[in-house]
Amino acid sequence: MRGCPRQSREQLDRNKLSLGLFGVNCSGGLAVTTVPERWDASWENNQKLACMADDAGIDFILPLGRWKGYGGVTDHNGSNFETLTWASGILASTRKIIAFGTVHVPLFNPVVAAKQMVTADLIGQGRFGLNIVCGWNSDEFDMLGIDLAQHEDRYNQGQEWIDVVTRAWSCTEPFDYDGKFYQVHKTDIHPKPYGGGQPIIVCAGNSHRGREFAARNADMMFTNIGTDLDEVPGNISALKEMAAAYNRDIRVFSNVAVVCRPSKKEADEYFQYYAVENADRDAVENMIVGRGLNKPGVPEERLQEFRIRAAGGNGALPIVGDPDDVVAMMKRLSECGISALAMGFTNYLEHFPYFRDEVLPRLVHEGLRTE
Ligand SMILES: Cc1cc2nc3c(=O)[nH]c(=O)nc-3n(C[C@H](O)[C@H](O)[C@H](O)COP(=O)(O)O)c2cc1C
């Protein structure tokens, strides 16, 4: 990874498979479900969970960038913390864990965002990470009065945005930038990120253009795993080749929805209970429509698959089983070339402790983690 040594890079380098918690800043988290124990994203719960994960040696905590609920019975994700202020609070409450901000390019002036991120990074003494999202759901952009640009332009704007942010972080002299989307003059911000390096950068996306953008700019690409795991190693090699063309290295991390119980039967039954029988169906449909996945011609079978994945974990790959099953799947993903997993649990505070006690030691035993 580029940049000077900083605590967050060392943290991610320490484990062959890094682990994080994903989506805890939003009500419901990743699980689009009506079950009564669904995630209550209060600040107290966020802070308690972050401290618990920090003590357990979990590497990172990554928020969803979300401004509006998905409707349905629960208005899934309708209560949500803005992620840069959230990360600052989490970093002030913890010692080792990396906290990301998930930043929507079109919503933040890059110089203001650069300063906000430096503030979070200094609070966390180098533990802040940036997850860039270029925009996805038009309904939430409508709520904010911002037009969601066409796909190609989103990434063109994203490139200018990251150019301005990284220059603001690193330039010791005032600089000008004259782009199509941003023009800044005599820009000079202080202080700089912790220790003079730059925060870890992650880009989330799936498309070819999204991969190109990540290859050029990110330390890690955050991407969904499809249904065919055999395709993963080839996809990762291709991404690494794209990054190599920019003289860079890139790692891949992905999202998973974890249900870990003493037996496979119990885990399967719990998945069926929260993600199938008690899915928040309207919220799931709104998620599908919002992401444009209901295009004419998409086979019903594919949509049905997505519905279950959406309800199970906002599109994440479900990992469901006893501790050995969970470890076996994580090992397989690591062997496919995945460097980090961002995990969702239906109720993080209730379900994470069993994972911590049963799965983490097994991952150490397998040589995937050091603690
Ligand atoms: C794993 C993953 C997580 C994402 N998380 C968010 C998020 O929290 N907020 C958001 O607005 N978009 C999120 N996105 C959307 C992407 O940033 C991007 O806008 C979307 O994937 C469409 O771009 P693409 O066609 O290049 O994939 C996520 C995408 C992926 C694959």
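Read the figures in this text as sums done on the coordinates, not as results from a lab. In this text the structure is predicted, and so the values were computed from the model without any measurement. Cβ: placed from backbone, ideal geometry, glycine included. Neighbour counts: every protein chain shown.
The table that follows gives values for the structure above.
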read-out: Lysine pairs within the chain, Cα separation less than 24 Å, 8 or more sequence positions apart or different chains; value: 13
read-out: Distance between modelled label sites at Gln272 and Glu371, nm, 7 Å Cα→Cβ extension; value: 4.0
read-out: Top of Gln125, Gln11, Gln150 by mean-square fluctuation, Gaussian network on the chain, Cα under 10 Å; value: Gln150
read-out: Relative contact order (%) - criterion: Cα under 8 Å, at least six apart; region: the stretch 48-101; value: 45
read-out: In degrees, nearest ten, helix 300-313 long axis to first principal axis of the chain (Cα); value: 80
read-out: About the Cα centre, charge dipole magnitude for the chain (Lys/Arg +1, Asp/Glu -1 at Cβ), debye; value: 920
read-out: Segments 83-96, 268-281 sorted - mean Cβ within 10 Å per residue, highest first; value: 83-96, 268-281
read-out: Over 18 Å [Cα-Cα, the stretch 1-113], rounded percent; value: 54
read-out: Hz values of 3J(HN,Hα) by residue in the stretch 41-46 - Karplus curve (6.51, -1.76, 1.60), Gly and Pro given as x; value: 8, 6, 4, 4, 5, 4
read-out: Value of [θ]222 nm, deg cm²/dmol, for the chain, DSSP H segments ≥ 4, -39500 (n - 2.57) each, nearest 500; value: -13500 deg cm²/dmol
read-out: Most mobile of Asp230, Asp325, Asp219 in a GNM of the chain (Cα contacts under 10 Å); value: Asp230
read-out: Positive-end extreme of charge dipole, the stretch 221-371 - chosen from Ile319, Ala238, Ser263 (charges on Cβ); value: Ala238
read-out: Of Asn25, Asn15, Asn77, the one that fluctuates the most in a GNM where the chain has Cα springs shorter than 10 Å; value: Asn15
read-out: Neighbourhood net charge (11 Å Cβ-Cβ; Lys/Arg +1, Asp/Glu -1) for Phe175; value: -3
read-out: Highest average packing first - 188-196, 250-258, 97-105, Cβ atoms within 10 Å; value: 97-105, 250-258, 188-196
read-out: Check: the stretch 102-157 dipole with +1 on Lys, Arg Cβ and -1 on Asp, Glu Cβ, in debye; value: 400
read-out: In degrees, nearest ten, helix 208-217 long axis to first principal axis of the chain (Cα); value: 50
read-out: Leading residue at positive end of dipole, the chain (Cβ point charges), from Gly126, Leu64, Gly23; value: Gly126
read-out: The chain - Kirkwood radius from inverse mean 1/r over Cα pairs (Å); value: 20.8
